[in-house]
Every structure is written in structure tokens, then in C-alpha cells.
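Engineer: To start, I am sharing the structure in question, which I have written as C-alpha cells.
The values are calculated or read from the model by the stated rules, or taken from the named source; none is laboratory data. Here the structure is a predicted model, which is why all the values come from computation and not from measurement. So basically every Cβ, Gly included, is an ideal-geometry build from the backbone, and we count neighbours across all protein chains shown.
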Amino acid sequence: MRDRRPATEAEARALASAVRLRILRLCLDRALTNKEIAERLGANPATTLHHVRTLVDTGFLASQPTRRGARGSREVPYLATGKSWTVDVQEAGVAGGREAMLDAFLAEARLVDLDQVDMARLGLRLADDDFRELRERIEAILDEYADRPRDPDGRAYSVFVAFYEDVSRDEPPAAS
């Protein structure tokens, strides 16, 4: 995977929330107001605003020019900056980052008809070098697509990839 700089503690804490990760995904292609974000999440706008402010303060969301809403109210739309792809939160020592990513994926996947989800599951037994090669090749593909310009007419897709040691297939200790 591309070289990512280590996340600050504040950045890692900001990304250790499934709700904030979902907000970033919602604001990836289109600027949304706090009210619009709350509606899409089915959440309280005051709670959502706390999460939005955390993401703005850490540079993951950027406010856009204000616009007029219903009855002339001022609304501030927010757009994801793409910064989350450039930081490595694993080294920051903040608990919850991995769980937040999985929880955000599960929440988003529950919104989709599973018949429309392409899934694959594969068990392998690899030497360390082979596993490292597999991970690096998949990460390179993700980086390549992350760097491509967004097609405004394209369909929105999300990708979730997890690499983990399959401890369920290990031999249990021999009985004595």
C-alpha cells in the first residue's frame, strides 16, 4: 500500500468511530449538510453535528460554501477530503479503529440487497513471503483505483478487504 503517514492521536480517534466512517462515505462524492447526513444515518442531528465537527477539526471533512435551505436558513454542506486514505491509524495506539471499520462496513452492507453484493471468501495456507505478496498486490490495486479521477456519471461502489490469520483452522493442542 502506498506510504501513509502515521495518524496523529486525534486523527486516529476521529476514525475510530463507525458513525464517522459512514459520514465520510456519505460525503465522498457530494457535499451534504448536517441535517442531510443525520437523515441518511437515521440519527439525531445534534449527535451528528458532534461527529461532523470532529471530522472537520481533524481535516477529514471540509466545509463548503454556505447555501440557503428551507425558509432561507443558512446551511453548511460538508465534503470528504480523501485524507483518510493517506493516514495509517494502526500505529497510533488508539483502540477501536479496526472494530469501527468492520462496524461501518456491516451497517452499510445491511442497507443493500445481498443478492446485489459480490462476495468472495477464500482460505489459503501461504508462506510469509507469499502472503506479503498477495497483500501488497491487492493494496496496489486499491491505491490505483483510489487515485483515479471520479466519474460523475459512474455508479458508487464500496470495497471492504480484510486479511486475517484463520485461527479456526489451527490444530488444537494435543490432549495430555
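Engineer: Of all residues in segment 107-117 being part of a helix (DSSP H, G or I) and either surrounded by fewer than 14 Cβ atoms within 10 Å (Cβ to Cβ) or free of Cβ contacts under 8 Å to residues at least 60 places away in the same chain (or both), which is farthest from the chain's Cα centre (by Cα)?
Structural biologist: The qualifying residue farthest from the chain's Cα centre (by Cα) is D115.
Matching residues to (1) modelled with pLDDT under 95; (2) farther than 19 Å from V161 by Cα:
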| site | (1), (2) |
| --- | --- |
| R22 | no, no |
| N34 | no, yes |
| A62 | no, yes |
| P65 | no, yes |
| V87 | yes, no |
| A104 | yes, no |
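Engineer: Can you tell which of A95, A120, A104, A100 is closer than 20 Å to H50 by Cβ and part of a loop (DSSP other than H, G, I, E, B)?
Structural biologist: A95
Engineer: Now for a separate question. So L55 ticks every box in (1) modelled with pLDDT under 95; (2) within 28 Å of P149 (Cα to Cα) but one. Which box is left unticked?
Structural biologist: For L55, the failing item is (1).
Engineer: Show the residue pairs meeting these rules: Cβ distance below 6 Å; 6+ apart or different chains; first residue within segment 1-20 and more than 24 Å from N44 (Cβ to Cβ); second residue surrounded by 22 or more Cβ atoms within 10 Å (Cβ to Cβ) and at pLDDT below 90.
Structural biologist: Pairs found: A7/V89; A12/V89.
Engineer: Sticking with this structure for a sec: Out of the residues in segment 26-35 that are closer than 23 Å to R110 by Cα and in contact with a strand residue (DSSP E or B) (Cβ under 8 Å, 6 or more places away or on another chain), state the one that is surrounded by the fewest Cβ atoms within 10 Å (Cβ to Cβ).
Structural biologist: Selected residue: R30.
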